[in-house]
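The values are calculated or read from the model by the stated rules, or taken from the named source; none is laboratory data. If you're wondering where the values come from, they're calculated on a predicted model, not measured in any experiment. Note that we place each Cβ from the backbone using ideal geometry, even for glycine, and neighbour counts take in every protein chain shown.
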Amino acid sequence: MNPYLAEFIGTALLLLLGSGVVANMLLPHTKGSGGGIMEISTAWALAVFVGVVVAGPHSGAHLNPAVTIGLGITGQFDWAMAPGYILSQISGAMVGVGLAWLMYKDHYEAETDPGIIAAPFGTGPAIRNIKLNFLSELIGTFVLILVILYNSGVKLGDATETPIGMGSLGAIPVAFLVWVIGLSLGGTTGYAINPARDFGPRLMHQLLPIKGKGPTDWSYAWIPILGPITGAALAAGFYLVAGG
């Protein structure tokens, strides 16, 4: 499979399942309505597992611009491929969240709270404190990227030898990594730890004809973009200084 297509499909699956669990837990009249952070964090972790299994052998299953940037800074990924990876990740996230919305369309229409309607699309802070919200995304992504960097470097595939990035951990360990980040560090901002995971769905919230939706919170949108990118850069810098 073409690596860009693999990133697109892997990220689409990630958001279909990740946005889907938030919709299932929060929207009214679903079979899962009333669930909490354990169910949501577990499903997001398993969604990462699914994305890594599908995309790993073909693209390295970055599924996240922060992973692409972290691997690029440490020389484990070709920067020339980064724009295509990131575009594929964002577009895949848009498609995945769009499918989740279509599946739960009746339940969206039964909800009257714009905050709940927005929740499956993008992250938001439990308490709005810009500095600490940014720090939360930075720290969560720092942990994610640092662990990935210390377990990357193995190559799979054909003669292109695409660095497999997240896939080098194996699908199950990386799912556990995302799971523990969600349970331990996700209570403040919803742990985007992935610019594509937030920006693509947030854009879809803006574009889709969702009944009863409120304004898309673009004033917050830079935090789940720059926070993870900063965390990835710091993790990569630490990795290089520490000697990998």
So, first residue within 11 Å of residue 223 (Cβ to Cβ) in region 122-145, second residue among the hydrophobic types (A, V, I, L, M, F, W, C) and not in a helix (DSSP H, G or I), Cβ within less than 9 Å, six or more apart or across chains; the pairs are 122/192; 122/221; 123/192; 133/127; 134/222; 137/192; 137/193
The condition from (1) closer than 25 Å to residue 137 by Cβ; (2) in contact (Cβ under 8 Å) with a residue 24 or more places away in the chain that residue 83 misses is numbered (2)
Every listed condition ((1) buried (at least 18 other Cβ atoms within 10 Å of the Cβ); (2) at pLDDT 95 or above) holds for residue 76 save (2)
Taking region 206-244 and the residues there that are farther than 21 Å from residue 130 by Cβ and of a type in the set (Val, Ile, Thr), the one that is surrounded by the most Cβ atoms within 10 Å (Cβ to Cβ) would be 210
>> When you check residue 225 against the structure, is it in contact with a Pro (Cβ under 9 Å, 6 or more places away or on another chain), modelled with pLDDT of 95 or more and outside any loop (DSSP other than H, G, I, E, B), yes or no?
In response: yes
Exactly one of 63, 71, 87, 46 is more than 18 Å from residue 144 (Cβ to Cβ) and of a type outside the set (Lys, Arg), and that residue is 87
- Query: Quick check: is even one residue across region 6-15 buried (at least 20 other Cβ atoms within 10 Å of the Cβ) and either among the aromatic types (Phe, Trp, Tyr) or modelled with pLDDT under 95 (or both)?
  - Reply: yes
Residue 19 fails exactly one of (1) more than 20 Å from residue 142 (Cα to Cα); (2) at pLDDT below 95; (3) among the small types (Gly, Ala, Ser), namely (2)
Residue set 41, 33; condition among the small types (Gly, Ala, Ser) and at pLDDT 95 or above; output residue 41
By residue number, the members of region 21-45 that are among the polar types (S, T, N, Q) and surrounded by fewer than 19 Cβ atoms within 10 Å (Cβ to Cβ) are 30, 33, 42
Exactly one of 48, 67, 52, 95 is within 19 Å of the chain's Cα centre (by Cα), surrounded by fewer than 22 Cβ atoms within 10 Å (Cβ to Cβ) and under 15 Å from residue 7 (Cα atoms), and that residue is 95
Those residues of region 16-32 which are farther than 16 Å from residue 117 by Cα and in contact (Cβ under 8 Å) with a residue 24 or more places away in the chain amount to 17
When every residue in region 188-202 that is in contact with a helix residue (DSSP H, G or I) (Cβ under 7 Å, 6 or more places away or on another chain) and in a loop (DSSP other than H, G, I, E, B) is compared, the one surrounded by the fewest Cβ atoms within 10 Å (Cβ to Cβ) is 188
Restricting attention to region 54-108, the residues that are polar (S, T, N, Q) and in a helix (DSSP H, G or I) number exactly 5
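Residue by residue, here is whether (1) on the phi < 0 side of the Ramachandran plot; (2) modelled with pLDDT under 95; (3) among the β-branched types (Val, Ile, Thr); (4) surrounded by 15 or more Cβ atoms within 10 Å (Cβ to Cβ) holds:
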position: 110; (1), (2), (3), (4): yes, no, no, no
position: 131; (1), (2), (3), (4): yes, no, no, no
position: 152; (1), (2), (3), (4): yes, yes, no, yes
position: 159; (1), (2), (3), (4): yes, yes, no, no
position: 164; (1), (2), (3), (4): yes, yes, yes, yes
position: 168; (1), (2), (3), (4): yes, yes, no, yes
position: 171; (1), (2), (3), (4): yes, yes, no, yes
position: 204; (1), (2), (3), (4): yes, no, no, yes
